[in-house]
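Heads up, the thing below is written out as structure tokens.
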Amino acid sequence: MKNVAILATGGTIAGVSYSPTDTTGYHSAVLSIDEIVQTIGPLKAVANITCEQIAQIDSADMSHATWLQLANRINTLLKQPEIDGVVITHGTDTMEETAYFLNLVVKSDKPVVLVGAMRPATAISSDGPMNLYNAVILASSSAARGKGVLVALNDTINSSRDVTKTNTALQDTFKAPELGYLGYIIDGHPHFYRLPIRKHTYMTEFEIEGVAELPQVEIIYGHVNDNGALAYAAAEAGAKGLVYAGLGNGNMSEHMKKVLSDLQRRGIIVVRSTRVGNGVVTRNGAINDDRYDFIAADTLNPQKAQILLMLALLETTKPAEIQRIFWMY
Ligand code: ASP
């Protein structure tokens, strides 16, 4: 049997409610991972499982410190020849961010799978047990090797780069809206249909061993009549980079062009993403990036562009280099 380590961080998969019919009013992050695993009998036949409680939080409270701790622990575990894969239990609200961060800094081709639940463990038809069972199957599977960090809920397999939470309450929430699932997990078997082609995990240039904190990068949400106050406030608060969740193809008003290029000249790196939810932010498309020294986020949503920019800033502050990084990952 394969050996899978489950690293638990809390979330709804560890949540409890007063009533079995409550699916949104509940306490997140209550049950320990040992308690959860004990309730899923069929797991014993899938893999030898070891459990570690890394955190016990609602994923709204996920932090860079916990990301660094988690990533370092995963790298240590996956260096051990006897460990075949890792599962991380996590709240769904920020799962896509943790997954993409790990996708960029885990140094192994062994499977790493994030899983959670939309219904607490106490709900009728809670999705947690089947989701966790499927995640352990995926982490034990040689088919999942070399495909980057994966997100597996609701019988689907998603690439951490492209996946996003698309519904506030339904179980069918994790999707890569236009790019699609990588596959499904049905009756205990992963079925893959496509591959992520952007570089990930063991192929990246990012090294977090010894890194104590990540550079401050803020996200500014574009809207009509934006006066730039939040962008200036972010600079004032010490931001080293800004991600602009722009209009359409990362577009912005004449006023915001002045605000952001002013901040760029003061040494703050500006990445243009979009509030649209799908599609490419193209370099020199809606905005002349060459003129302003801005960076186009490609298809990364603002919260993922923020993560890539933080890691890029550990290496360089050159806009051309950072643009290369955005096209690579
Ligand atoms: N608020 C919860 C969390 O992100 C939601 C969930 O896990 O589904 O921790």
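The values are calculated or read from the model by the stated rules, or taken from the named source; none is laboratory data. The model shown is predicted, which means the values in this text are computed figures rather than measured ones. Heads up, the Cβs are rebuilt from the backbone with ideal geometry, glycines too, and the neighbour counts pull from every protein chain shown. SASA here: full protein model, heavy atoms, side chains in, ligands and nucleic acids out. Shrake-Rupley method; radii C 1.70, N 1.55, O 1.52, S 1.80 Å.
Odds and ends about this structure:
- Degrees separating the helix 95-105 axis from the principal Cα axis of the chain, which is the longest one: 80 degrees
- Candidate residues THR94, THR76: accessible-area rank, largest first, probe 1.4 Å: THR76, THR94
- Partners for LYS258 among lysines (Cα-Cα distance below 24 Å; same-chain residues under 8 apart left out): LYS240, LYS318
- Proximity of backbone amide H atoms, modeled 1.01 Å from N, is registered between LEU114 and ILE88, LEU150, VAL151, ALA152 at under 5 Å, excluding neighbours fewer than 5 places apart on the same chain.
- Per-residue surface analysis assigns ILE269 an accessible area of about 10 Å², computed on protein heavy atoms at 1.4 Å probe radius.
- Partners for LYS79 among lysines (Cα-Cα distance below 21 Å; same-chain residues under 8 apart left out): LYS2, LYS107, LYS110, LYS147, LYS199
- With a Förster radius of 25 Å applied to the C-beta separation of ARG265 and GLU236, the computed FRET efficiency comes to 0.95.
- Protection proxy ranking, peptides 138-144, 249-255, average beta carbon neighbours within 10 Å, highest first: 138-144, 249-255
- Whole-Hz couplings from phi, Karplus 6.51/-1.76/1.60, listed for the range 246-261; x for Gly and Pro: x, 8, x, 7, x, 6, 7, 5, 4, 5, 5, 4, 5, 4, 6, 6
- PHE101 contributes an accessible area of around 0 Å² to the protein surface, as traced by a 1.4 Å probe with all chains present.
- Solvent-accessible surface (1.4 angstrom probe) belonging to MET118, in square angstrom, nearest 10: 10 Å²
- For the chain, with all protein chains in place and a probe radius of 1.4 Å, 51% of the accessible heavy-atom surface sits on carbon or sulfur.
- In this rough spin-label picture, where each label sits 7 Å from Cα along the Cβ direction, the THR24-ASP293 distance is 4.6 nm.
- Amide N of the range 294-329 lying under 16 Å from the label point, which is placed 7 angstrom from the Cα of MET203 along Cα→Cβ: 325-329
- Per the Cα gyration tensor, the chain maps to an equivalent ellipsoid with semi-axes of 35, 21, 18 Å, ordered largest to smallest.
- For the chain, built as a Gaussian network whose Cα springs stay under 10 Å, the top-fluctuating residue of VAL149, VAL37, VAL105: VAL37
- Shown is the FRET efficiency for ALA143 and ASP34, computed with R0 = 35 Å from the Cβ-Cβ distance and rounded to the nearest 0.05: 0.80.
- Long-range Cα-Cα pairs in the range 197-318 (distance over 24 Å), rounded percent: 23 percent
- Built amide H within the under 5 Å cut-off of THR156, gap 5+: ILE185
- Taking all protein chains into account, the per residue accessible area for the chain stands at 42 Å² (1.4 Å probe).
- Derived scalar couplings ³J(HN,Hα) [the range 164-175; Karplus, 6.51 cos²θ - 1.76 cosθ + 1.60; whole Hz; x for Gly, Pro]: 8, 7, 10, 9, 5, 9, 7, 5, 8, 10, 8, 8
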